[in-house]
Amino acid sequence: MTTTNPSSGDTGDTGETGKKGDPGGARPLRADAQRNRERILAAAEAVFAEKGPSASTEEVAARAGVAIGTVFKHFPTKQALLQAIMKGLLGRLDGEMAELAADEAPGEALFTFVTRMVEQAARKRTVVGLLAETGVDLQVASSVRMLRDGIGTLLARSQEAGTVRDDVRLDEVIALLTGICQGALHAGWDDDLRQRTLAIVFAGLRAPEARR
């Protein structure tokens, strides 16, 4: 596994960082460099999902169709690449919460988000496991806390719509979500077990008048 930045003659991504003395430090990526970065991240997610900890940055470069030097220009180490994958995942979850909060049926928004996040935890277990192996401290609990405000909005809207009990508190929802994600992540829950577990949790969260 390569974890250091080798010397490379690849010049396809020049202009990614600012010059010395620039007040803002790093400059925005050029369009071609940004495209390469996105291709690398997409390829890395696929490679790590398929091969887990045995996957190398060379395999990622081959899948992305770029030189290994290009990978290292964006992500100097494998840890940096994995952290970027998880940051992107959290960003997508945050965007999903914003969309759900603006949905016409807010009563189901919280349930929909919890379902999606647990599914993500199960699917990304190889990446999170590799992060742990390489010493990167990124726990599910801390990831959930990063999304606290969005979860709070979904909870409030669901309670206003009368689908979630009024006495349910945000810290309780986060505790439940953290526990379920940990279970899906470390025990490798299949679809059937996830669905049955979520059905029990959701039954406890629903307001009596919203239950069938």
Practice prompt. Neighbouring Cβ atoms within 10 Å as the yardstick, rank Glu108, Glu209, Glu58 fewest first.
Written response: Glu209, Glu58, Glu108
Discussion item. Using amide H atoms built in the peptide plane, which far-off residues or other-chain residues are under 5 Å from Val164 H to H?
Written reply: Gln159, Ala207
Fill in: Under Karplus coefficients 6.51, -1.76 and 1.60, residue-wise ³J(HN,Hα) of the range 153-164 in Hz, glycine/proline x
5, 5, 5, 4, 5, 5, 5, 5, 7, x, 9, 10
Worksheet entry | q = 0.15, 0.18, 0.28 Å⁻¹, the range 31-76: log10 I(q)/I(0) [Debye, one scatterer per Cα] | -0.31, -0.44, -0.99
Fill in: Ranked Phe75, Phe48, Phe111, criterion: other C-beta atoms within 10 Å, fewest first
Phe111, Phe75, Phe48
Fill in: Sorted by Cβ neighbour density within 10 Å, fewest at the top, the residues Arg116, Arg39
Arg116, Arg39
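Any read-out appearing in this document is the output of simple, stated calculations on the displayed coordinates, not a laboratory observation. Everything quoted here is computed from the prediction, not taken from an experiment. When we count neighbours, we look across all protein chains shown, and the Cβ atoms used for this are built from the backbone with ideal geometry, even at glycine.
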